[in-house]
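A quick write-up on the structure given underneath.
The values are calculated or read from the model by the stated rules, or taken from the named source; none is laboratory data. These numbers were taken from a predicted model, which means no experiment stands behind them. Counting neighbours? That spans all protein chains shown, and the Cβs are built from the backbone with ideal geometry, glycine included. Ligands, DNA and RNA are stripped out before the accessible areas are found, and what is left, the full protein with its side chains, is counted by its heavy atoms. Shrake-Rupley method; radii C 1.70, N 1.55, O 1.52, S 1.80 Å.
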Amino acid sequence: MKRGLWISLLLCLGIAAPVQAKPDLTEKLGPTIADRGSAFYRFETLEMPSADGARHYRIWIGVPRRPAPRIGYPVIYLLDGNAAMGALNEQRLAELDEQGPPVLVAIGYATDLRFDVVARAYDYTPPMPGVEKVIDDLSRDRQGGGADQFLDLLEQRIKPAVAERAPIDRSHQTLWGHSYGGLLVLHTLFTRPQSFQTYASADPSLWWQKGFILGEEKAFNSRESRPKRLLLMHGEAPAGGGTPPPGVDDKVVQARREAQAAVPQDAIPQLATRLAQLPGMQVGYRAFPGMDHGPLLPVSLDLALQLALGKTPAEVARHGQ
């Protein structure tokens with residue numbers, strides 16, 4: 001076994017029609033646990049615009065009702081906050097309450113949909129040196145490359161807003177993301193590793209711009225000190241045919257398949273293996289054979305919450321087997 005790396009395989013049974021399990025991008029969010037109320041958390045919702053006014057964020061801050069530890073609460077920041085809030089329920093919050101609950105910060109968008117595909121395409125993809133206007137791989141009418149602006153907003157406005165509402169343990173901060181959000185998690189780790197101590201990346205879009213993020217990995221590898229924790233999760237079923245879900249244009253489906261061909265099918269476990277060899281890195285890897293991209297979102301969120309409770313990536317990778 002490679003140092004720091006636990007390869008854990010879970011064969012998921014009972015998942016019907018996996019090729020049709022991509023997220024429905026037209027699905028509305030509906031009421032969340034913040035609307036229903038919780039015995040374990042109190043929620044506050046903030047709204048703020050991006051610096052250029054082009055995107056509008058809705059941020060849910062969940063503060064445990066249990067008194068804070070002396071050093072403050074751990075905190076986990078959830079990308080695609082609308083979908084994340086849709087995945088949280090009272091049972092999950094009750095389990096967190098029993099184990100020393102973290103503050104939950106779901107960073108979403110001011111829309112009634114689970115995903116704002118245009119905004120996230122900009123916010124979650126890295127800038128490319130020498131490229132003035134980054135065009136999204138999946139849709140030519142979407143602009144990308146705004147990750148650093150989004151991370152500035154997170155550090156300069158969102159984190160202070162959270163600290164105003166709850167005492168935070170700044171040495172115990174976790175960032176979780178899925179798909180493009182998983183790509184942003186890796187971009188943050190590789191370019192701003194000091195921003196968080198723990199990173200959880202589910203099905204990161206390594207194929208974006210023909211594997212651009214893997215170039216950032218090489219620069220990260222040259223750093224002398226990198227004491228960070230990372231959980232990489234991969235659940236996408238083998239690429240292939242199938243009926244596209246509602247709301248996904250055929251051209252987007254085809255563009256995704258072409259983009260995925262730019263990196264090896266085992267690029268995510270390969271990345272986990274490489275990063276596990278770096279001094280100071282604790283890396284866990286969890287594969288879910290047969291599970292498609294969409295269903296991994298709530299599954300990976302559950303595992304990220306375990307990280308936020310203080311478990312190691314290796315412990316979380318073994319969880320539930």
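Table for the structure above
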| quantity | calculated |
| --- | --- |
| Solvent-accessible area of Y57 with every protein chain in place, 1.4 Å probe, in Å² to the nearest 10 | 10 |
| Nearby aspartates and glutamates by direct alpha-carbon distance to K133 (threshold 13 angstrom, same-chain neighbours under 8 apart not counted) | D141 |
| Potential lengthening between N221 and E155 on full extension [0.36 nm per residue; Cα-Cα distance subtracted] | 21.4 nm |
| Share of carbon and sulfur in the accessible heavy-atom surface of the range 59-147 [1.4 Å probe, %] | 47 |
| Selection of GluC sites (Glu not before Pro), the range 56-146, meeting DSSP coil and at most 16 other Cβ within 10 Å | E132 |
| Å³ per residue enclosed by the Cα convex hull of the range 65-158 | 138 |
| Computed E for E164/R318 - FRET, C-beta separation, R0 41 angstrom, nearest 0.05 | 0.65 |
| Surface accessible to a 1.4 Å probe, per residue, for the residues of the range 13-163, Å² | 45 |
| Cα extents of the range 106-239 along the three principal axes, largest first (Å) | 43, 41, 35 |
| Extension gain, M48 back to I135 (0.36 nm per residue minus Cα-Cα distance, nm) | 28.8 nm |
| Greater than 28 Å apart at Cα, pairs in K28/K228; K159/K228; K159/K311; K159/K210 | K28/K228; K159/K210 |
| Residue order for D123, D137 - accessible surface, 1.4 angstrom probe, largest first | D137, D123 |
| In sequence order, calculated HN-Hα J values of the range 53-67 (Karplus, 6.51, -1.76, 1.60; Hz; x Gly/Pro) | x, 7, 10, 10, 9, 10, 10, 9, 10, x, 9, x, 6, 5, x |
| Carbon and sulfur %, accessible surface of the range 251-313 computed with the full protein complex present, 1.4 Å | 58 |
| Area of M291 that stays accessible when all protein chains are in place (1.4 Å probe, Å², to 10) | 10 |
| Net lengthening on full extension, Q99/R192 (0.36 nm per residue, minus Cα-Cα) | 30.6 nm |
| Solvent accessible area, Å² - V118, 1.4 Å probe, full protein context | 80 |
